[in-house]
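Peer 1: Please see the structure below; I have some questions.
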Amino acid sequence: MKFYKPTSPSRRNMSTVTYRGVLTAGSPEKSLTKGLRSKAGRNNRGRITQRHQGAGNKKLFRNVDFVYDKKDIPAKIMTVEYDPYRTGFIGLVNYKDGEKRYVLLPKGMKVGDTFVVSETAELKTGNRVPLKRVPVGAFVYNVEMKVGGGAQLCRSAGNFGQIVANDAGYVHVKLPSTEIRKVPENAWACIGNVSNDEQWLVNVGKAGRSRWLGIRPKVRASAMNPVDHPYGGGEGRQGRGLRFAKTLWGQHVGKGQKTRTPKKYSNYLVVSRRKVGKAKAEK
């Protein structure tokens, strides 16, 4: 981490991840990139479905492989690179058959290291194996939810899932949210945890830097009028005046409340619900 001296109000307490000495390439592999139009939080009808997004620096999309369909072919890491679309570092890898791909790198792997995707692979950092082969207590990332569906869980910087049990064709994985979830034992996962684990220590420091990241300003609900939000109105500073925390549309949200759909199709896969609010903080 790099911490700045308070040479100005915006510099005070600002921090960034130190890339020097970690990243080894300045420009990406051209054949694995493409331009991606910014949606600014809008859906296919042009309506805003995710507020507070827009503008920001122009970004070049790197086509990262999350399917890992090249099995039993060793791959060598050629570079360690920054990806503007994700918090973890990515690496350009060269498979033994000559094909190049981008993959999400785990903590501890560097240029020159090798990995393999195989049912018989050694259980070491970076290798990808079926979950039934991973011992209890081990850390995994890039976890599939369905066999052959590609990595969907534990992909952010520093994140990992922990194997806690094996039972009746499922492996129980403890996720970063503290939820314990059943995943088919034949689903695949990578050994280790995602790189750039210092990302959560970053202090943005000033509003302008948020705008560079494509994050637009947010207005506090309590500063709005009653017509605009359930928390709005009142003279001076007011509490929310409601027993349950609510969204702009009156739906319950966070703060120790259960928000999961009671009849969600995947409920049978959840062994232990995630802890929220104070319960998670105490953990």
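Computed from the coordinates by the stated procedures, all read-outs in this text should not be read as laboratory data. What you are looking at is a predicted structure, and each value in this text was computed from that prediction instead of being measured. Positions of Cβ are backbone-derived with ideal geometry, glycine not excepted, and every protein chain shown enters the neighbour counts.
Peer 1: Looking only at segment 150-176, filter to residues that are of a type in the set (S, T, N, Q) and within 11 Å of the chain's Cα centre (by Cα); which one of those is surrounded by the fewest Cβ atoms within 10 Å (Cβ to Cβ)?
Peer 2: Gln152
Residue-wise test of (1) surrounded by 16 or more Cβ atoms within 10 Å (Cβ to Cβ); (2) within 16 Å of the chain's Cα centre (by Cα); (3) not polar (S, T, N, Q).
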residue	(1), (2), (3)
Val143	yes, yes, yes
Ala189	yes, yes, yes
Asn193	yes, yes, no
Gly205	yes, no, yes
Arg211	no, no, yes
Arg220	no, no, yes
Gly241	no, no, yes
Thr247	no, no, no
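Peer 1: Here's something else I'd like to know. Give the residues of segment 222-237 that are in contact with a Gly (Cβ under 9 Å, 6 or more places away or on another chain), loosely packed, with under 13 Cβ neighbours inside 10 Å and within 30 Å of Arg12 (Cβ to Cβ), sorted by residue number.
Peer 2: Across segment 222-237, the qualifying residue is only Ala223.
Peer 1: So, in segment 47-99, how many residues would count as being free of Cβ contacts under 8 Å to residues at least 24 places away in the same chain, touching a strand residue (DSSP E or B) at 6+ places or on another chain (Cβ under 6 Å) and under 26 Å from Val117 (Cα atoms)?
Peer 2: So the count comes out to 4.
Peer 1: May I pose another question? Quick one: Lys264 ticks every box in (1) within 30 Å of Gly137 (Cα to Cα); (2) surrounded by 11 or more Cβ atoms within 10 Å (Cβ to Cβ) bar one, so which box is it?
Peer 2: (2)
Peer 1: Further, regarding this structure: Looking at segment 116-133, I want the residues that are on the phi > 0 side of the Ramachandran plot and small (Gly, Ala, Ser) and have a partner that is buried (at least 17 other Cβ atoms within 10 Å of the Cβ) and not in a loop (DSSP other than H, G, I, E, B) with Cβ atoms under 8 Å, at least 6 apart or on another chain. Which pairs are those?
Peer 2: From segment 116-133, the pairs are Gly126/Pro106; Gly126/Phe115; Gly126/Cys190; Gly126/Ile191.
Peer 1: Can you name the number of the only condition in (1) closer than 30 Å to Lys5 by Cα; (2) out of contact with any Gly (no Cβ under 9 Å at 6 or more places or on another chain); (3) aliphatic (A, V, I, L, M); (4) buried (at least 16 other Cβ atoms within 10 Å of the Cβ) that Ile215 fails?
Peer 2: (2)
Peer 1: Could I ask something else about it? Kindly provide the set of residues from segment 138-166 that are closer than 20 Å to Tyr85 by Cβ and in a strand (DSSP E or B), ordered by number.
Peer 2: Tyr141, Val143, Ala151, Gln152, Leu153
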